[in-house]
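Undergrad: Shown below is the structure under consideration.
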Amino acid sequence: MFDRCLYSSDYKRLIGVFPFVKVTTLHDSLEEIGEFSFYKSSIKSVIIPSSVKRIKRYAFFKSNIENVAFPEDSMLEIIEEYSFSYCLELFELNLSLLQNLEAIQPYAFYATLLRKFAFPENDVFTEINPSFQGFVSIEIPSQIQFIYDNAFPVGYSSSSSSYYYSVLSEVKFKGNSELIYIGKYSFTSFISEIEIPNSTLKIDDYAFCNCPCLQYVIIPEDSSLTYIGYQAFGGCNLKEIFIPKYLNNISFGAFGFKHTLNIKISPLNKYFYADDNYLYSNRNQTIIQCLKIEMNSTIPLYVKELGSELFKNSILEEIFIPKNITVIHNSTFQYSSLKIVKFEEGSQLQEIPSMTFAYTKISNFFVPKFVSKIGDRAFYYSSIENISFENGSQLLEISDSAFEYCKITNILLPSALNYIGNNAFYQCNTLSNINFCERSQLRVIGNNSFAYNNISSILIPSSVQVINDSAFYQCNFWLVLHLRIIAT
């Protein structure tokens, strides 16, 4: 025991602080501050001896500490996970002089109200782990190479015991930054401007997602950036973005559902092209971002692929899709105001994928010949009333919930159709007439696929092998099975 603290016999490890102690001096032989040693301690201020090399997990958990000081010759190497978590009186901490500190482990400062914080500036501290909360501004040292997922997430409110958006409004990188990677949800904050270091290679999915004040992202012309992930800038208010020379991979939806965005592309970049309406990749064959949305849009004839969430939440009401389009990705028109879809004759479209037209206002839809699959929830909760299929339709599958909660009244299903998924037409309350083309190849009718419809009768093709649970639940009809006789 030393100054009302319990130590190991050699005084190298602190075991605990006695209850109600408000002032103490730590032993100068101390090398490790043990787990829960300051748990709910009343101590307000402490000087960590230079001999301390490790602060163990939960060391200051829920303590009332207000001030933690380190000498210039500190030997501290590791601050473990949750070591200062829920220290709600700790508002300021300066670690800049710690030349031996290698790591601040994940969530070391979880649920704190830190307002001022200085990271170590040395050659061995190169990674920022989650979770630093409550900062108003932060300066990232030049030696930092990796900012990992959730590094600066939503903060914690001691008064309401609930979470709120981070108050972080300024992020700066020191000169000669070596930053390589910005992780997922790294910055959920109120920053209005960010300058990406030219050393950065990857901005991962959701990196700056839900930064509503972020208008300006400055990317240097000599940037090494090669990748911007899905929704990396979703929920931001970007005015413009620069695409540097080496950037070769921009995920669909990287800039969110921002439909008024100015794109500038380095003349040395050979991967992307932009006009007034769209950002293109893959030699202009793929549209990856809408830059301007009008109620009536036409896709250029040379385009073959429409990116995921391309028109999501847009004011688009009518679109003409050229025959060269072979791929439409998930959720392309989801939540848009789309009412009319026209396909050029001879359309080569192969699939209508998940959520493509979900929650749209389409009332009539024509499925082109080469579409082999209608994906799960493709028309979920849309206003579709009539759906028809081109002669010779090659449709093989209608996936789960494809037309769930739609307003279809009657439908003629093509002969090539093999599979109807679970809930495919679930609660289509107005659906009263279902017919199958001659020589139907249907094999499976999924769970609840026609449940809660208004069908009066149906002729099941002889090809059907499986009718799953509740396929026609709560349908008031006569079920007629067209039995297949197999000779023996």
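Undergrad: Give 56, 40, 62 a once-over and let me know the one that is closer than 21 Å to residue 6 by Cα and touching a Phe, Trp or Tyr at 6+ places or on another chain (Cβ under 7 Å). Lay out the reasoning, then the answer.
TA: Numbers: 56 fails: touching a Phe, Trp or Tyr at 6+ places or on another chain (Cβ under 7 Å); 40 fails: touching a Phe, Trp or Tyr at 6+ places or on another chain (Cβ under 7 Å).
Matching residue, one of 56, 40, 62: 62.
Undergrad: Pull up region 253-286, narrow it to residues that are among the hydrophobic types (A, V, I, L, M, F, W, C) and in contact with a Ser or Thr (Cβ under 8 Å, 6 or more places away or on another chain), then point me to the one that is nearest to residue 208 (Cα to Cα).
TA: Of all residues in region 253-286, those among the hydrophobic types (A, V, I, L, M, F, W, C) come to 254-255, 257, 261, 263, 265, 268, 272, 274, 279.
Remaining after also requiring in contact with a Ser or Thr (Cβ under 8 Å, 6 or more places away or on another chain): 257, 272.
Numbers: 257: 14, 272: 22 Å.
So the residue we want is 257.
Undergrad: Can you tell me which of 203, 218 is surrounded by fewer than 20 Cβ atoms within 10 Å (Cβ to Cβ), within 26 Å of residue 167 (Cβ to Cβ) and at pLDDT 95 or above? It would help to see each step written out before you state the result.
TA: Details: 203 fails: surrounded by fewer than 20 Cβ atoms within 10 Å (Cβ to Cβ).
Answer to the selection: 218.
Undergrad: Filter region 449-459 for residues that are modelled with pLDDT under 90 and under 20 Å from residue 437 (Cα atoms) and give the result. Talk me through it step by step, then tell me what you get.
TA: Step one: of region 449-459, the residues modelled with pLDDT under 90 are 454-459.
Hits for region 449-459 are 455, 456, 457, 458, 459.
Undergrad: Looking at this structure, is residue 250 under 29 Å from residue 213 (Cα atoms) and in the same structural domain as residue 217 (by the TED database)?
TA: Working: under 29 Å from residue 213 (Cα atoms): yes; in the same structural domain as residue 217 (by the TED database): yes.
For residue 250, the condition - under 29 Å from residue 213 (Cα atoms) and in the same structural domain as residue 217 (by the TED database) - is met.
Undergrad: Still on this structure, I have one more. Can you tell me which of 263, 250 is in contact with a strand residue (DSSP E or B) (Cβ under 8 Å, 6 or more places away or on another chain) and buried (at least 21 other Cβ atoms within 10 Å of the Cβ)?
TA: Of the residues listed, the single one that is in contact with a strand residue (DSSP E or B) (Cβ under 8 Å, 6 or more places away or on another chain) and buried (at least 21 other Cβ atoms within 10 Å of the Cβ) is 250.
Undergrad: Go over the candidates 319, 287, 325 one by one and state the one that is assigned to a strand (DSSP E or B), out of contact with any Gly (no Cβ under 7 Å at 6 or more places or on another chain) and within 16 Å of residue 356 (Cβ to Cβ).
TA: Numbers: 287 fails: out of contact with any Gly (no Cβ under 7 Å at 6 or more places or on another chain); 325 fails: assigned to a strand (DSSP E or B).
Just one listed residue meets the conditions, 319.
Here's the yes/no breakdown for (1) buried (at least 18 other Cβ atoms within 10 Å of the Cβ); (2) at negative phi:
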| residue | (1), (2) |
| --- | --- |
| 346 | no, no |
| 386 | no, yes |
| 395 | yes, yes |
| 403 | yes, yes |
| 412 | no, yes |
| 416 | yes, yes |
| 423 | yes, no |
| 433 | no, yes |
| 437 | no, yes |
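Undergrad: Search region 209-237 for residues being in contact with a Gly (Cβ under 8 Å, 6 or more places away or on another chain) and of a type in the set (A, V, I, L, M, F, W, C), and hand back the single one that is farthest from residue 168 (Cα to Cα).
TA: To start, the set of residues in region 209-237 that are in contact with a Gly (Cβ under 8 Å, 6 or more places away or on another chain) comprises 209-212, 230-231, 233-236.
Still in the list and also of a type in the set (A, V, I, L, M, F, W, C): 209, 211, 233, 236.
Details: 209: 14, 211: 10, 233: 16, 236: 15 Å.
Filtering first and then ranking leaves 233.
Undergrad: Among the residues of region 95-117, count how many are assigned to a strand (DSSP E or B) and either modelled with pLDDT of 95 or more or not assigned by the TED database to the domain that holds residue 78 (or both). Break it down into steps so the answer makes sense when it comes.
TA: Residues of region 95-117 assigned to a strand (DSSP E or B): 103-104, 116-117.
Now narrow it down to the ones that are either modelled with pLDDT of 95 or more or not assigned by the TED database to the domain that holds residue 78 (or both): 103-104.
Number of matching residues: 2.
Undergrad: OK, next. Answer yes or no as to whether residue 240 is in contact with a Pro (Cβ under 8 Å, 6 or more places away or on another chain) and in contact (Cβ under 8 Å) with a residue 24 or more places away in the chain.
TA: no
Undergrad: Something else about it: One residue is enough: does region 1-23 have a residue meeting the conditions among the basic types (Lys, Arg), surrounded by 14 or more Cβ atoms within 10 Å (Cβ to Cβ) and closer than 23 Å to residue 85 by Cα? Outline the logic, then answer.
TA: Of the residues in region 1-23, the ones among the basic types (Lys, Arg) are 4, 12-13, 22.
Restricting the remaining residues to those that are surrounded by 14 or more Cβ atoms within 10 Å (Cβ to Cβ) gives 4, 12-13.
This time we only want the ones that are closer than 23 Å to residue 85 by Cα, so: 13.
Taking every residue of region 1-23 in turn, at least one turns out to be among the basic types (Lys, Arg), surrounded by 14 or more Cβ atoms within 10 Å (Cβ to Cβ) and closer than 23 Å to residue 85 by Cα.
Undergrad: Does residue 120 satisfy the criteria of being closer than 14 Å to residue 83 by Cα and outside the structural domain of residue 190 (by the TED database)?
TA: In short, no.
Undergrad: From the list 124, 23, exactly one residue is modelled with pLDDT under 95 and assigned to a loop (DSSP other than H, G, I, E, B). Which is it?
TA: Details: 124 fails: modelled with pLDDT under 95.
None of the others qualify; the one that does is 23.
Undergrad: Taking the stated definitions as given, is residue 18 more than 21 Å from residue 92 (Cα to Cα), touching a strand residue (DSSP E or B) at 6+ places or on another chain (Cβ under 9 Å) and without any contact (Cβ under 8 Å) to a residue 40 or more places away in the chain? Can you show your working first?
TA: Numbers: more than 21 Å from residue 92 (Cα to Cα): yes; touching a strand residue (DSSP E or B) at 6+ places or on another chain (Cβ under 9 Å): yes; without any contact (Cβ under 8 Å) to a residue 40 or more places away in the chain: yes.
Taking the combined requirement at face value, the residue satisfies it.
The values are calculated or read from the model by the stated rules, or taken from the named source; none is laboratory data. Just so we're clear, the structure is a prediction, and the values are computed from it rather than from any experiment. Because the Cβ atoms are built from the backbone with ideal geometry, glycine has one as well, and the counts that use them run over all protein chains shown.
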